[in-house]
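Data block below; observations after.
The values are calculated or read from the model by the stated rules, or taken from the named source; none is laboratory data. None of the values given here were measured: they were computed from a predicted structure. Using ideal geometry, Cβ is built from the backbone for each residue, glycine included, and neighbour counts are taken over all protein chains shown. Each accessible area value is taken on the protein alone, full model and side chains, heavy atoms only, with ligands, DNA and RNA left out. Shrake-Rupley method; radii C 1.70, N 1.55, O 1.52, S 1.80 Å.
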Amino acid sequence: MARFTGKKAKETPALNMGSMSDIIFMLLFFFMTITTMRESSLYVTIKVPKATETIKLQKKSLVSYINVGTPMAGEWQKKYGTESRIQLNDQISEVKDIPLFVEEEVSARVEADRPFVTFSIKADKDTKMGLVSDIKQELRNSGAFKIFYNAAHGERK
Amino acid sequence: MGRKTPGLNTSSMSDISFLLLAFFLLVSNINTDQGIARRLPPPLPENQEKPDVKERNIFVVKINSKDRLLFNGEVGDIRDLKDRAKEFLGNPNNLPNLPEKIQMEIPLLGMMDVSKGVISLQNDRGTSYDMYIAVQNELQAAIVEMRNELSQVKFGRKYNDLPETQAEAIDQAIPIAISEAEPTKIGEK
């Protein structure tokens, strides 16, 4: 009966790929706009505590981070032990390095922004408060009063 | 006779854009920084005298090195902390053992009773950061609830939805009255 139904075997029509690049570009722009390049990699492991009353950190350009946690397994633990340590920018530091860090971070901003610089303490939940208190004391003495305790939003178990 | 321009071969376009997409997918991390904001007090001058604060105006919360709590010298549970803090800061029935209030003229709100109560928070050097944040979180929850209640009464909406000037007025009426004492050193190795 091929005479009536047409001679050619049926082919699946080709998909129109014309709009594919539009879709990909849309995704591309989305990720381009939300991207923030990570400035320094962490050498300490940090699992922040959970809290329900968290607020979003505003004005990321005015925030400097103080990371506190145990050095990463392997090389870092061999070098710095397994006790909680502070990481400022790219290196494991001591509490006494904080005033210099504060000064550098504050003077890196334009004059008008300097009073609004926030120091975000990103500490592991198993850190002892002794270390955190020392950090707070140093911040206080260096004139950095705006602080922020990093915490993940969520119910505590 | 105008010649037809040959169509551009765009089939590699999606390859290029896929490549870029994959790159940005890998390097992007969506901003998820959340937490609790606090203000540190300025350093005290050397020969500062202890401020004279009445006992009824202080609510002492202590956390020991084993992460246990004391409220005003009694053993307490973290689940009660929010209500205790609210009762203390609000003093709704004007009880004589809870904080005094002072009348204050606040813009947009008029005359308000502002509590003189201060929550004194003291931890040990051996307290875990997790517990400390848990306590800060409960105290924050108490303050946020009270601010929300006042905001509902005065402006008919939640504190978070208020414009800046109104939020500032609420902040003045219900300040974050948390004072942190020097930590004890029992849990330190």
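For residue B:5, the conditions (1) open to solvent by 100 Å² or more (accessible area, probe 1.4 Å); (2) farther than 23 Å from residue B:140 by Cβ; (3) within 7 Å of chain A (Cβ to nearest Cβ) are fulfilled apart from (3).
Out of the helices (runs of 4 or more DSSP H) lying entirely within the stretch A:1-81, which hold 1 or more residues that are among the β-branched types (Val, Ile, Thr) and at pLDDT 80 or above? I'd like the intermediate steps shown before the answer.
Working: elements: A:2-5, A:20-34, A:75-80.
Because the criterion is at least 1 residues that are among the β-branched types (Val, Ile, Thr) and at pLDDT 80 or above, the helices (runs of 4 or more DSSP H) in the stretch A:1-81 that meet it are A:20-34.
Test of understanding: among B:58, B:78, which residue is more than 14 Å from chain A (Cβ to nearest Cβ) and in contact (Cβ under 8 Å) with a residue 24 or more places away in the chain? Of B:58, B:78, the one residue that is more than 14 Å from chain A (Cβ to nearest Cβ) and in contact (Cβ under 8 Å) with a residue 24 or more places away in the chain is B:58.
Is one or more of the residues making up the stretch B:130-139 surrounded by 17 or more Cβ atoms within 10 Å (Cβ to Cβ), out of contact with any Asp or Glu (no Cβ under 8 Å at 6 or more places or on another chain), farther than 20 Å from residue B:79 by Cα and within 14 Å of chain A (Cβ to nearest Cβ)? No, because not a single residue in the stretch B:130-139 is surrounded by 17 or more Cβ atoms within 10 Å (Cβ to Cβ), out of contact with any Asp or Glu (no Cβ under 8 Å at 6 or more places or on another chain), farther than 20 Å from residue B:79 by Cα and within 14 Å of chain A (Cβ to nearest Cβ). For the stretch A:117-157, taking the residues that are more than 20 Å from the chain's Cα centre (by Cα) and over 25 Å from residue A:43 (Cβ atoms), the one that is surrounded by the fewest Cβ atoms within 10 Å (Cβ to Cβ) is identified as A:157. Just one of the numbered conditions (1) open to solvent by less than 50 Å² (accessible area, probe 1.4 Å); (2) within 7 Å of chain A (Cβ to nearest Cβ); (3) over 22 Å from residue B:115 (Cα atoms) is not true of residue B:25: (1). Among the candidates B:185, B:101, the residue that is open to solvent by 90 Å² or more (accessible area, probe 1.4 Å) and not β-branched (Val, Ile, Thr) is uniquely B:185.
In summary, residue A:49 fulfils each of the numbered conditions (1) without any contact (Cβ under 8 Å) to a residue 60 or more places away in the chain; (2) buried (at least 20 other Cβ atoms within 10 Å of the Cβ) with the single exception of condition (1).
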